[in-house]
Amino acid sequence: MRLPEQPWTWIVVAAVLILAASWSGPAPLAATGEEEDKAPGRQLARSAVKAPGARWTTADHSKFEALKKDFTKPEEVTAACLSCHDLAAGQIHHTIHWTWICPDCGDGKSMGKYGKTLNNFCIAVPSNEPRCTSCHIGYGWKNKDFDFASNDRIDCLVCHDTTHTYKKFPTKAGYPATEPTLFPEDGVTYLPPDYKLIVGKVGRPDRLNCGVCHFYGGGGDGVKHGDLDSSMGAPKKSLDVHMDVDGLNFTCQRCHTTKEHQIAGRLYTSPAAPERISLTEADLASKIACESCHGQKPHKKDAKANDHTDKVACQACHIPRFARVLPTKMSWDWSTAGRMNAEGKPFKKKGPYGKPVYDTKKGDFVWEKNVVPTYRWFNGAMSNLLITDTVDPTRRVSVNAPAGSPDDPKSRIMPFKRHIGEQPFDPKNATMVVPHLFGPKDPTAFWTGYDWKTSITSGMAYVDQPFSGEVGFVETEYFFPTTHMVAPKEQVVACGECHSQGGRLEGLPGVYVPGRDIHAAVTTVGWAAVVAAILAVCGHGAVRFVSRKRRKG
């Protein structure tokens, strides 16, 4: 609504505001404490996190005879685990953590890290398996011949090691080191695991077990998500109210509920929570939405905030910024990769956060901290570009994008990290490409020969897709829902940051946001109401003045 320019209108507006402030009308409708306690899942959450004792297991694995061996290789550990947990291998084989394919998305073979989808970080897994699968829950996934039916290739320890001494070597396809080995990229010497010590202390996964991959996705701490990095291993309340180590101290599994090794929360074409219902309403629901514990009216004293929950996701207000402790990568330009220093050798250059801003292997990067999210309509699913799709290089290519619209009753305004890329594509066929990046002894790998045409020829042949031989670069974008790093209520997004021109919701279509949007009819009605109120006040005052005169007379 535009503000008046004439002085007399300011006087009138002030009078109305004073009258409104002094009027003691009925109290606004607010959720009461009793209503809050009825919020689905709240009592369940309280009882769970306040239960006495830190351990939930009923077994001391150090006393199991099968685990007292001197293990010489990790497969022997897996065999010992499965000798008791006889259903575990069959369960693992059907999980997306094992196949890297979403079984319930599209044709059941295209979506996932090992499908036809891409990203604008390291672009694609196929042809680069020995490096990328260091985060796989298996051993020895070096190429497309990996045996997904094998039981002894399952890595139980990466999720169940509670000593946090078990580490996979970054380029050994998921295997740990067999002798002390220096990895030059990070300057860390990786030691062989003490299997006997580790297997005696296995237990339920904790934040660090999940974080060993999800904090370091994309090749480093905080690279990918922006709301997941090593600062979430033991966060303070100011970083995350749920995972606060001195407070609620939630593990990842408190929200990412797990059944038979199936972990809720993966996003491809299917929403993580198809219906926003609570665990107590349907015990088999995936408890992944905020409403599952907090209900549809979560605010105790702010009824106006409750009015927003049908259109605004909880995260939009309660995660004001991401990467609040550590920086995250916001753009990646592959087109500048391959430059050498004065000595003709690959080099790295660090930026203001101590992070690399240039790497011969990967190009230029931009890192940021305390990032304001990008907002989109979101119904819980993502649309993904496939390697078989054609693209328009004259426009920024969305490698993935939030699904939803203002007309979709399941959609809400949701915050995202939007990562911008400049990545190779085939300008003749108008398709994105899979480059063969990793292969220390392979001259066709880009990180060996630094030749894009050779690298892409090798990568596209590996995935059995056509390549014209021409190499171009196109600007891309990739979206991550921002749903971790939930701030305390004192730090939530202020009303004026959205209800203002040039604010957080600038350009978001399909919704009238007072303060951001100006509509002539609404402006007219609003000022008409102001004038009517002024006339009513003046009339009421005049009547009282005349009445008092008459009583005195």
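Taking the range 112-206 and the helices (runs of 4 or more DSSP H) fully enclosed by it, the elements with 1 or more residues that are in contact with a Ser or Thr (Cβ under 8 Å, 6 or more places away or on another chain) are at 129-132, 195-199. Against the list (1) assigned to a strand (DSSP E or B); (2) among the basic types (Lys, Arg); (3) over 22 Å from the mean Cα position of the chain (by Cα), the condition Arg418 fails is (3).
Identify, please: which residue in the range 344-403 is small (Gly, Ala, Ser) and not in a loop (DSSP other than H, G, I, E, B) and is, among those, farthest from Glu291 (Cα to Cα)? Even if it seems obvious, please write down each step before you answer.
Kept after step one, since they are small (Gly, Ala, Ser), are these residues of the range 344-403: 344, 351, 354, 363, 380-381, 383, 398, 401, 403.
Still in the running and not in a loop (DSSP other than H, G, I, E, B): 363, 383, 398, 401.
Working: Gly363: 42, Ser383: 24, Ser398: 29, Ala401: 23 Å.
Among them, the one singled out is Gly363.
For the range 298-326, the set of residues classified as hydrophobic (A, V, I, L, M, F, W, C), touching a Cys at 6+ places or on another chain (Cβ under 9 Å) and either within 15 Å of Glu497 (Cα to Cα) or assigned to a loop (DSSP other than H, G, I, E, B) (or both) consists of Ala305, Val312, Ala313, Ala316, Cys317, listed by residue number. For the range 443-454, give me each residue that is out of contact with any helix residue (DSSP H, G or I) (no Cβ under 6 Å at 6 or more places or on another chain) and open to solvent by 20 Å² or more (accessible area, probe 1.4 Å). Those that are out of contact with any helix residue (DSSP H, G or I) (no Cβ under 6 Å at 6 or more places or on another chain) and open to solvent by 20 Å² or more (accessible area, probe 1.4 Å): Trp447, Thr448, Gly449, Tyr450, Asp451, Trp452, Lys453, Thr454.
Just to be sure before I move on: is Gly459 in contact with a His (Cβ under 6 Å, 6 or more places away or on another chain), at pLDDT 95 or above and of a type outside the set (A, V, I, L, M) in the structure I sent? Against the criterion (in contact with a His (Cβ under 6 Å, 6 or more places away or on another chain), at pLDDT 95 or above and of a type outside the set (A, V, I, L, M)), Gly459 qualifies. Cβ-Cβ distances below 9 Å connect the following pairs, each with a first residue in the range 513-524 that is farther than 17 Å from Val312 by Cα and open to solvent by 70 Å² or more (accessible area, probe 1.4 Å), a second residue that is at pLDDT 80 or above and among the polar types (S, T, N, Q), and a separation of six or more residues or different chains: Ile518/Gln501. Could you list, in sequence order, the residues of the range 455-491 that are under 30 Å from Ile288 (Cα atoms) and open to solvent by less than 50 Å² (accessible area, probe 1.4 Å)? Thr476, Glu477, Tyr478, Phe479, Phe480, Pro481, Thr482, His484, Met485, Val486, Ala487, Pro488 - these are the residues of the range 455-491 that are under 30 Å from Ile288 (Cα atoms) and open to solvent by less than 50 Å² (accessible area, probe 1.4 Å). Return a yes/no flag: does the range 50-72 have any residue that is modelled with pLDDT under 55, open to solvent by less than 70 Å² (accessible area, probe 1.4 Å), within 30 Å of Gln296 (Cβ to Cβ) and assigned to a helix (DSSP H, G or I). No. Would you confirm, using the coordinates I've provided, whether Asn119 is among the polar types (S, T, N, Q) and open to solvent by 20 Å² or more (accessible area, probe 1.4 Å)? Answer is yes for this residue. Of all residues in the range 309-335, those satisfying the criterion of being small (Gly, Ala, Ser) and closer than 22 Å to Leu505 by Cβ are Ala313, Ala316, Ala323. Just name the residue that is surrounded by the most Cβ atoms within 10 Å (Cβ to Cβ) out of those in the range 241-266 that are under 14 Å from the mean Cα position of the chain (by Cα), of a type outside the set (Lys, Arg) and in a loop (DSSP other than H, G, I, E, B). This residue is Cys255. Any residue in the range 190-206 that is within 13 Å of Cys81 (Cα to Cα) sitting within a Cβ distance under 6 Å of a residue that is aliphatic (A, V, I, L, M) and modelled with pLDDT under 95? List the pairs, counting only those 6 or more apart or interchain. That search, which allows pairs on different chains as well, returns Val199/Leu67.
Which of the residues that make up the range 391-437 are among the charged types (D, E, K, R) and open to solvent by 10 Å² or more (accessible area, probe 1.4 Å)?
Taking the range 391-437 as the starting set, the residues that turn out to be among the charged types (D, E, K, R) are 392, 395-396, 407-408, 410, 412, 417-418, 422, 426, 428.
Within the range 391-437, Asp392, Arg395, Arg396, Asp407, Asp408, Lys410, Arg412, Arg418, Glu422, Lys428 meet the criteria.
Of all residues in the range 291-325, those satisfying the criterion of being within 21 Å of Tyr353 (Cα to Cα) and open to solvent by 50 Å² or more (accessible area, probe 1.4 Å) are Arg321, Val325.
If you go through the range 216-240 and pick out every residue that is in a loop (DSSP other than H, G, I, E, B), in contact with a Gly (Cβ under 9 Å, 6 or more places away or on another chain) and open to solvent by less than 30 Å² (accessible area, probe 1.4 Å), you end up with 4.
For the range 75-111, give me each residue that is part of a loop (DSSP other than H, G, I, E, B) and touching a Gly at 6+ places or on another chain (Cβ under 7 Å).
Filtering the range 75-111 down to residues part of a loop (DSSP other than H, G, I, E, B) leaves 85-87, 93-95, 100-111.
Listed by number, the residues that qualify are Trp100, Ile101, Cys102, Lys109.
Out of all the residues in the range 118-125, is one or more over 25 Å from the mean Cα position of the chain (by Cα) and among the aromatic types (Phe, Trp, Tyr)? No, because not a single residue in the range 118-125 is over 25 Å from the mean Cα position of the chain (by Cα) and among the aromatic types (Phe, Trp, Tyr).
Cβ-Cβ contacts under 8 Å between residues 6 or more apart (or on different chains), taken from a first residue in the range 448-474 that is touching a residue at least 12 places away in the same chain (Cβ under 8 Å) to a second residue that is among the polar types (S, T, N, Q) and surrounded by fewer than 18 Cβ atoms within 10 Å (Cβ to Cβ), are listed as Gln465/Thr388; Pro466/Asn429; Phe467/Asn429; Ser468/Asn429; Phe473/Ser335.
When Gly363 is tested against (1) closer than 21 Å to Gln423 by Cβ; (2) crowded, with 17+ Cβ neighbours inside 10 Å; (3) in contact with a Pro (Cβ under 8 Å, 6 or more places away or on another chain), just one condition goes unmet, and that condition is (3).
Of the residues that make up the range 511-521, is at least one in contact with a strand residue (DSSP E or B) (Cβ under 9 Å, 6 or more places away or on another chain) and part of a loop (DSSP other than H, G, I, E, B)? Show your work before the answer.
Narrowing the range 511-521 to residues in contact with a strand residue (DSSP E or B) (Cβ under 9 Å, 6 or more places away or on another chain): 511.
When the remaining residues are screened for being part of a loop (DSSP other than H, G, I, E, B), the result is 511.
So far as the range 511-521 goes, yes, one or more of its residues are in contact with a strand residue (DSSP E or B) (Cβ under 9 Å, 6 or more places away or on another chain) and part of a loop (DSSP other than H, G, I, E, B).
Cβ-Cβ contacts under 6 Å between residues 6 or more apart (or on different chains), taken from a first residue in the range 394-420 that is in contact (Cβ under 8 Å) with a residue 24 or more places away in the chain and at positive phi to a second residue that is open to solvent by less than 10 Å² (accessible area, probe 1.4 Å) and assigned to a loop (DSSP other than H, G, I, E, B), are listed as Gly404/Ser411.
Among all residues of the range 341-358, there is at least one that is open to solvent by 40 Å² or more (accessible area, probe 1.4 Å) and of a type in the set (S, T, N, Q).
For the list (1) basic (Lys, Arg); (2) assigned to a loop (DSSP other than H, G, I, E, B); (3) open to solvent by 60 Å² or more (accessible area, probe 1.4 Å), I need the number of the one condition that Arg504 fails. Exception for Arg504: condition (3). Of all the numbered requirements in (1) at pLDDT below 95; (2) open to solvent by 60 Å² or more (accessible area, probe 1.4 Å); (3) closer than 30 Å to Lys236 by Cβ, Asp206 misses one, and that requirement is (2). For the structure I just gave you, tell me whether Glu179 is under 25 Å from Leu67 (Cα atoms) and open to solvent by 70 Å² or more (accessible area, probe 1.4 Å). Yes, satisfied.
The values are calculated or read from the model by the stated rules, or taken from the named source; none is laboratory data. Bear in mind the structure is a predicted one, so any value in this text is a computation, not a measurement. Note: ideal-geometry Cβ built from the backbone for every residue, glycine included; neighbour counts use all protein chains shown. Remember, those area values only see protein heavy atoms, side chains included, never the ligands or the DNA or RNA. Shrake-Rupley method; radii C 1.70, N 1.55, O 1.52, S 1.80 Å.
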